[in-house]
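Participant: Sending over a structure as structure tokens; questions will come in a sec.
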Amino acid sequence: MPALNRVQLIGRLGKDPEGRQTPTGKQVTKFSLAVSNRWKSNGESKEYTEWVNIEAWGRLGEICNEYLKKGSLVYIEGRLKTDRYETDGETKYFTKVVVLTMQMLDKKPTEEPEMSVEETPADYQSE
């Protein structure tokens, strides 16, 4: 029987990404993503925000750590992964999205004027 584990999200980072290396030397970056849903009910605007935990590995994790920041708008495609841990003898579950694809959606800042130095051509003497 075929199976599919794929998630697509567009949202904004809730805080700056946190990157670290595992004991085996692999780069992992974690951040939270706010995905908002807006609608009108009886003429009143309403909004609900779902917070999703995101994890990016390897080079993709390095890119996320370097270029993303709190408030960045991103498209994330990945797979769901549930981890479990124990605290005070109780098993707790933690679901996250492991990133396979990330695309930055923020508009580029307005082009700044190009910085250049005006030089006059040098006079060369030929012999």
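Participant: Please find, within segment 20-54, the residue that is surrounded by the fewest Cβ atoms within 10 Å (Cβ to Cβ) out of those that are within 16 Å of the chain's Cα centre (by Cα) and over 17 Å from G71 (Cα atoms).
Facilitator: Selected residue: R20.
Participant: On the basis of being more than 15 Å from the chain's Cα centre (by Cα), of a type in the set (F, W, Y) and within 29 Å of K108 (Cα to Cα), does W57 make the cut?
Facilitator: Taking the combined requirement at face value, the residue does not satisfy it.
Participant: Being hydroxyl-bearing (S, T, Y) and modelled with pLDDT of 95 or more: is that true of T29 here?
Facilitator: yes
Participant: Also, quick follow-up: So which pairs qualify, if the first residue must be in segment 7-27 and in contact (Cβ under 8 Å) with a residue 60 or more places away in the chain, the second must be in a loop (DSSP other than H, G, I, E, B), the Cβ gap must be under 6 Å, and the two must be at least 6 apart or on different chains?
Facilitator: R12/G71; L13/L68; L13/K70; L13/S72
The values are calculated or read from the model by the stated rules, or taken from the named source; none is laboratory data. Note that the coordinates shown come from a computational prediction; the quantities given were computed from them, not determined experimentally. Here the Cβ is made from the backbone with ideal geometry for all residues, glycine too, and neighbour counts use every protein chain on show.
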